[in-house]
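Working notes, beginning with the structure itself.
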Amino acid sequence: MQQHCRVLVFLLALMSFSARCNAQHTVNCPSPPSQVKITVVASITFNAATKLYTYRYSLASAPESKTPLVDFALDFASPISKAASPNGWGVTLYRGRSTELWDAGIGSPLPTGVPDSGQITVPIAALAPGKTLSGFSLQSPNPPGPVKYYALGFADIMAEATEEEAEAAMDACPESTGGFFDRALVGITQGPVLFIPVTIEVNPSHSLASIHHARQGVTTVAVLSSPGFDASTIDPRTVKFGPAAAAAIDSTSHLADVNNDGKLDLVLDFSAAATGIKCDDLSAALTGKTKNGTPIRGTGPAGNAGCKHQSPEPPR
């Protein structure tokens, strides 16, 4: 029993000593790696002979970025080929994901007279604030659509003398530590996709015209714009809706801001009977293509699209 008490006292004393060390150790956190402001410009060409799209990217780091850019990554739909990178940068497939990763490579040499204490230096090829860099590219048979990109700035993870000081640094600077996708700035650009997922609204409840159409056996469907996707790029002639893949009624498609988000949405009318939607169906699917041939797909609540709407009986 006395031995157990001595062990407990020792552990408590060790914890108290560690806490005092951590409290006394001052940590100067570096700028979080997500504090970069990046503009990504995508340029896409199609080779009819090879049936391949070539995707090229140029990155611009705003002057107000707090740290140089050292990593750039892009989600994609497989397959891809011939990935290339700017001078000094490497490119590889991120393990376990359909994400291509470009990395600025090794750090620059330490200045003359500065001792090597395990510190990390900014890579020579890093993209400095206020500068631009091109040369990121890949090829794919898949057409363009909105994909996520990830940008990671340089974070000088400090070399600490003790394990306690290293733990204190990690606790004090959580935004500078962790996994790549936890720390990176995330945005939307154009890249290889199998199809563009879209959001649809069936018989939008706030639209009096839609309610009137529903009573006349017409179902109104709005395809919503979103960050990275402009619904006006859809070819209305390719759009099909419901289990029976009904085409939109000729000359009814138009653009309107259905959800009041400041973006124009594509609004189409369909014959409710032609859609094949049953009164008890909970959801309905829409397919189509953009004007450049990229497939789109969306599913939303059926909105009683297949039900017969009758006017209420007058009071007796």
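Does the stretch 154-172 contain at least one residue that is at pLDDT 90 or above and either touching a Lys or Arg at 6+ places or on another chain (Cβ under 9 Å) or closer than 30 Å to residue 291 by Cα (or both)? The answer is no; no qualifying residue exists.
Do you know which residues across the stretch 220-264 are charged (D, E, K, R) and under 13 Å from residue 298 (Cα atoms)?
Across the stretch 220-264, the qualifying residue is only 240.
Note on the stretch 275-296: residues that are farther than 16 Å from residue 203 by Cβ and in a strand (DSSP E or B) amount to 6.
The values are calculated or read from the model by the stated rules, or taken from the named source; none is laboratory data. Bear in mind the structure is a predicted one, so any value in this text is a computation, not a measurement. A quick note on method: Cβ atoms are made from the backbone with ideal geometry, for glycine too, and the neighbour counts reach across all protein chains shown.
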